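The values are calculated or read from the model by the stated rules, or taken from the named source; none is laboratory data. Keep in mind it's a predicted model, so treat the numbers as computed, not measured. Reconstructed Cβ throughout: ideal geometry from the backbone, glycine too, with neighbour counts over all protein chains shown. The accessibility values were calculated without ligands, DNA or RNA, using every heavy atom of the protein model including side chains. Shrake-Rupley method; radii C 1.70, N 1.55, O 1.52, S 1.80 Å.
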Amino acid sequence: MSIRKIVTLPDPVLRRKARKVTAFDQELHTLIDDMIETMRAAPGVGLAAPQVADSRRVVVVEYAEEDEDADENRQPPKKLYVFVNPEITEASEEQETGIEGCLSIPDLVGEVSRHSRVTIKGFNRHGKPIRLKASGWLARIFQHEIDHLDGIVYPDRATRVWKPTAEEAETIRD
Ligand code: NI
């Protein structure tokens, strides 16, 4: 495994529509493993393949909902999700506004409205169909990452974008 370079705007690969994966082979597995390592090193809660300059429909997400009643070292373990050719098949009418950052857009954050709940269908690294129902931040992360596969970055959807204060900068980056 190796850490890949995260590309930033205005790199054109971030604006391209990524192509569907058709070969679930060792080369794909290497991409996925490198994406996981790159996401963890960044650190970030999610990464889409175009962010490592590979225009294929692959996202990785690693996240755990914070338990506000538990102290810092008793938090629920993070869960790793790998989706190949992900698609949002259902989305709640209800939306939520939150603050997002992106590893490909350093030093900025934005306020973005997203569906509160989504269902994501796709494939695992072996080509087996998988499905996930996500809500809250997890739903937001998936919407952000899947947007990357269509060449969309959060400022395209943001109501405002700004340079964060140090405290705001602690917000989740993906
Ligand atoms: Ni991003």
- Name the pairs whose Cβ atoms lie under 7 Å apart, with the first residue in region 138-156 and hydroxyl-bearing (Ser, Thr, Tyr), the second within 12 Å of the ligand (Cβ to nearest atom), and 6 or more positions between them or separate chains? Tyr154/Glu100; Tyr154/Cys102; Tyr154/Gly110; Tyr154/Val112; Tyr154/His144
- Task: Having 1 or more residues that are among the basic types (Lys, Arg) and under 30 Å from Ala23 (Cβ atoms) is the bar; report the strands (runs of 3 or more DSSP E) wholly within region 55-174 that clear it.
- Result: 79-91, 117-123, 129-135
- Message: Looking at Val109 and the list (1) without any contact (Cβ under 8 Å) to a residue 60 or more places away in the chain; (2) farther than 18 Å from Pro50 by Cα, which single condition is not satisfied?
- Response: (1)
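So, in region 23-49, how many residues would count as being within 11 Å of the ligand (Cβ to nearest atom), open to solvent by less than 10 Å² (accessible area, probe 1.4 Å) and either hydrophobic (A, V, I, L, M, F, W, C) or within 19 Å of Lys128 (Cα to Cα) (or both)?
Result for region 23-49: 3.
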- Is there any pair with a first residue in region 64-82 that is free of Cβ contacts under 8 Å to residues at least 24 places away in the same chain and a second that is of a type in the set (Phe, Trp, Tyr) whose Cβ atoms are under 9 Å apart and which are 6 or more apart or on different chains, and what are they? Glu66/Trp137; Lys78/Tyr63; Lys79/Tyr63
- Task: Among the residues of region 89-105, write down those that are in contact with a Lys or Arg (Cβ under 9 Å, 6 or more places away or on another chain), surrounded by fewer than 17 Cβ atoms within 10 Å (Cβ to Cβ) and not polar (S, T, N, Q).
- Result: Glu90, Ala91, Glu94, Glu96, Gly98
- Message: Just checking, does region 63-80 include any residue being within 16 Å of the ligand (Cβ to nearest atom) and either hydrophobic (A, V, I, L, M, F, W, C) or open to solvent by 60 Å² or more (accessible area, probe 1.4 Å) (or both)?
- Response: no
- When the residues of region 128-174 are filtered to those that are modelled with pLDDT of 95 or more and touching a His at 6+ places or on another chain (Cβ under 8 Å), which remaining residue is nearest to the ligand (Cβ to nearest atom)? Tyr154
- Item | The lone exception for Val112 - which of (1) more than 24 Å from Arg56 (Cβ to Cβ); (2) more than 16 Å from the ligand (Cβ to nearest atom); (3) of a type outside the set (D, E, K, R); (4) buried (at least 19 other Cβ atoms within 10 Å of the Cβ) it fails | (2)
